[in-house]
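**Q** Below you'll find the structure I mean.
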Amino acid sequence: MSSEFNELLPVAQDERVQIWIIGTRDQVIFTMNEFYVRRIATDRVQFTPIIPAPFATGKYMTVLVR
């Protein structure tokens with residue numbers, strides 16, 4: 001299925017997929033950039049701001065909502 005057809009599928013806001021990225025700050029930023037380059041994320045604003053992970057000491061996280 002091409003991305004053109006995916007855009008036509010009705011998806012409610014609360015049913016959107018979330019991809020959690022957890023790691024060191026550098027790992028999170030690298031992965032965000034990699035997702036953008038590989039066109040997994042069409043824009044960096046699809047990611048939530050980077051915050052300290054509440055369940056892992058010294059780790060950071062962001063969430064990609066698609």
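**Q** Under 6 Å between Cβ atoms, which residue pairs at least 6 apart in sequence (or on different chains) link something in segment 46-66 that is of a type in the set (Gly, Ala, Ser) with a partner that is in a loop (DSSP other than H, G, I, E, B) and open to solvent by 20 Å² or more (accessible area, probe 1.4 Å)?
**A** Matching pairs, first to second residue: ALA53/LYS59.
**Q** I'm checking my understanding of the structure. Among residues of segment 13-23 that are outside any helix (DSSP H, G or I) and open to solvent by 70 Å² or more (accessible area, probe 1.4 Å), which one is modelled with the lowest pLDDT?
**A** Taking segment 13-23 as the starting set, the residues that turn out to be outside any helix (DSSP H, G or I) are 16-23.
Retained after the next criterion (residues that are open to solvent by 70 Å² or more (accessible area, probe 1.4 Å)): 16-18, 20, 22.
Numbers: ARG16: 80, VAL17: 87, GLN18: 91, TRP20: 95, ILE22: 96.
The residue in question is ARG16.
**Q** Of all residues in segment 24-64 being open to solvent by less than 40 Å² (accessible area, probe 1.4 Å) and either part of a strand (DSSP E or B) or in contact with a helix residue (DSSP H, G or I) (Cβ under 7 Å, 6 or more places away or on another chain) (or both), which is farthest from ASP14 (Cα to Cα)?
**A** Ranking the candidates gives MET32 first.
**Q** Consider PRO10 carefully, then state whether it is modelled with pLDDT of 90 or more and open to solvent by 90 Å² or more (accessible area, probe 1.4 Å). Spell out how you get there, then give the answer.
**A** Details: modelled with pLDDT of 90 or more: no; open to solvent by 90 Å² or more (accessible area, probe 1.4 Å): yes.
Considered against the rule, which asks whether it is modelled with pLDDT of 90 or more and open to solvent by 90 Å² or more (accessible area, probe 1.4 Å), PRO10 comes out as no.
The values are calculated or read from the model by the stated rules, or taken from the named source; none is laboratory data. Note that the structure is a prediction, hence the values are computed from the model and not measured. Note that we place each Cβ from the backbone using ideal geometry, even for glycine, and neighbour counts take in every protein chain shown. Just the protein is used for accessible areas: all its heavy atoms, side chains included, with ligands, DNA and RNA removed. Shrake-Rupley method; radii C 1.70, N 1.55, O 1.52, S 1.80 Å.
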